Amino acid sequence: MDRRVGAPWHLWVVGVVTLLWNAIGAADFVFSNLRSPFWFEAMQYPPAGIAYLDAFPFWARLAWGMGTIGAFLGSLLLLFRSRLAVIAFALSLVGILLTTIYEAGAVMPPELEALQPAWFPILLWSVAVFLLIYSWSMRRKGVLR
């Protein structure tokens with residue numbers, strides 16, 4: 001039985017707002033790994049912060065990319081009403097978890113800590129969990145195909 005239904009108005013709001021939000025994270029991952037001087041200057045990365053990013057082991061860098069790029073793709077897939085959004089958001093959460101584990105054991109330079117407010121990880125996790133639950137709910141209701 002085909003359960004296709006029309007997209008509710010909130011899908012477009014959630015999709016567009018989170019696409020913009022996740023684009024920032026994806027851009028940070030891409031431009032930081034390309035070592036873009038423009039990006040480091042615009043984001044006010046101190047030299048100690050750049051050295052901190054350079055010290056990420058391969059697995060942590062891969063997890064960071066999985067978290068940010070996965071979330072960005074998830075938002076795109078949500079707007080395209082694809083059921084694959086659920087998988088993208090799930091992979092994004094795995095990436096965030098692995099990055100959080102790495103960062104919990106790493107020593108972040110004080111200059112970089114000042115750039116990230118203490119509430120930011122709570123917001124990041126809240127948005128990521130919300131997106132997984134929301135996309136799963138939309139898929140279950142037949143909105144995502």
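The values are calculated or read from the model by the stated rules, or taken from the named source; none is laboratory data. It should be emphasised that the depicted structure is a prediction, and the values quoted were computed from it without experimental measurement. Reconstructed Cβ throughout: ideal geometry from the backbone, glycine too, with neighbour counts over all protein chains shown.
Residue by residue, here is whether (1) touching a helix residue (DSSP H, G or I) at 6+ places or on another chain (Cβ under 8 Å); (2) of a type outside the set (D, E, K, R) holds:
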{"site": "Trp9", "(1), (2)": "no, yes"}
{"site": "Trp21", "(1), (2)": "yes, yes"}
{"site": "Glu41", "(1), (2)": "no, no"}
{"site": "Pro57", "(1), (2)": "yes, yes"}
{"site": "Arg61", "(1), (2)": "yes, no"}
{"site": "Trp64", "(1), (2)": "yes, yes"}
{"site": "Thr99", "(1), (2)": "yes, yes"}
{"site": "Gly105", "(1), (2)": "no, yes"}
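Hey, does the stretch 68-76 have a residue that's under 18 Å from Lys141 (Cβ atoms) and crowded, with 16+ Cβ neighbours inside 10 Å? Give the derivation first.
Narrowing the stretch 68-76 to residues under 18 Å from Lys141 (Cβ atoms): 74.
Applying the additional criterion that residues be crowded, with 16+ Cβ neighbours inside 10 Å yields 74.
Taking every residue of the stretch 68-76 in turn, at least one turns out to be under 18 Å from Lys141 (Cβ atoms) and crowded, with 16+ Cβ neighbours inside 10 Å.
From the list Leu77, Leu73, which residue is among the hydrophobic types (A, V, I, L, M, F, W, C), touching a Leu at 6+ places or on another chain (Cβ under 8 Å) and closer than 26 Å to Trp9 by Cα? Steps first, please.
Values: Leu73 fails: touching a Leu at 6+ places or on another chain (Cβ under 8 Å).
Matching residue, one of Leu77, Leu73: Leu77.
Please go through the stretch 80-118 and give me each residue that is of a type in the set (Val, Ile, Thr) and under 30 Å from Pro8 (Cα atoms), ordered by number.
So in the stretch 80-118, the residues of a type in the set (Val, Ile, Thr) come out as 86-87, 94, 96, 99-101, 107.
Residues satisfying the conditions are Val86, Ile87, Val94, Ile96.
Just to be sure, is Arg81 under 27 Å from Leu131 (Cα atoms) and charged (D, E, K, R)?
Values: under 27 Å from Leu131 (Cα atoms): yes; charged (D, E, K, R): yes.
In short, yes.
On the given criteria, is Val5 farther than 20 Å from Pro121 by Cα, assigned to a helix (DSSP H, G or I) and either charged (D, E, K, R) or touching a residue at least 40 places away in the same chain (Cβ under 8 Å) (or both)?
Against the criterion (farther than 20 Å from Pro121 by Cα, assigned to a helix (DSSP H, G or I) and either charged (D, E, K, R) or touching a residue at least 40 places away in the same chain (Cβ under 8 Å) (or both)), Val5 does not qualify.
Being crowded, with 18+ Cβ neighbours inside 10 Å, in contact with a Pro (Cβ under 8 Å, 6 or more places away or on another chain) and among the hydrophobic types (A, V, I, L, M, F, W, C) is the filter here; which residues of the stretch 51-67 pass it?
Across the stretch 51-67, there are no qualifying residues.
If you take the residues of the stretch 17-50 that are touching a residue at least 40 places away in the same chain (Cβ under 8 Å) and of a type in the set (A, V, I, L, M, F, W, C), which of them is surrounded by the fewest Cβ atoms within 10 Å (Cβ to Cβ)? Give the derivation first.
Filtering the stretch 17-50 down to residues touching a residue at least 40 places away in the same chain (Cβ under 8 Å) leaves 18-19, 21-23, 25-26, 28-29, 43-46, 48-49.
This time we only want the ones that are of a type in the set (A, V, I, L, M, F, W, C), so: 19, 21, 23, 26, 29, 43, 48.
Details: Leu19: 18, Trp21: 16, Ala23: 15, Ala26: 19, Phe29: 19, Met43: 15, Ala48: 12.
Among those that are touching a residue at least 40 places away in the same chain (Cβ under 8 Å) and of a type in the set (A, V, I, L, M, F, W, C), it is Ala48.
Is it the case that the stretch 81-97 has a residue that's more than 24 Å from Ala7 (Cβ to Cβ) and crowded, with 19+ Cβ neighbours inside 10 Å? Walk me through how you get there before you give the answer.
First, the residues of the stretch 81-97 that are more than 24 Å from Ala7 (Cβ to Cβ): 94-97.
With crowded, with 19+ Cβ neighbours inside 10 Å added as a condition, the list becomes 95-96.
Checking the stretch 81-97: at least one residue is more than 24 Å from Ala7 (Cβ to Cβ) and crowded, with 19+ Cβ neighbours inside 10 Å.
Regarding Arg139, is this residue touching a residue at least 60 places away in the same chain (Cβ under 8 Å), of a type in the set (D, E, K, R) and over 21 Å from Met43 (Cα atoms)?
Numbers: touching a residue at least 60 places away in the same chain (Cβ under 8 Å): no; of a type in the set (D, E, K, R): yes; over 21 Å from Met43 (Cα atoms): yes.
So Arg139 fails the test.
So which helices (runs of 4 or more DSSP H) are wholly in the stretch 61-145 and hold at least 3 residues that are at pLDDT 95 or above and in contact with a Ser or Thr (Cβ under 8 Å, 6 or more places away or on another chain)?
84-105, 120-140
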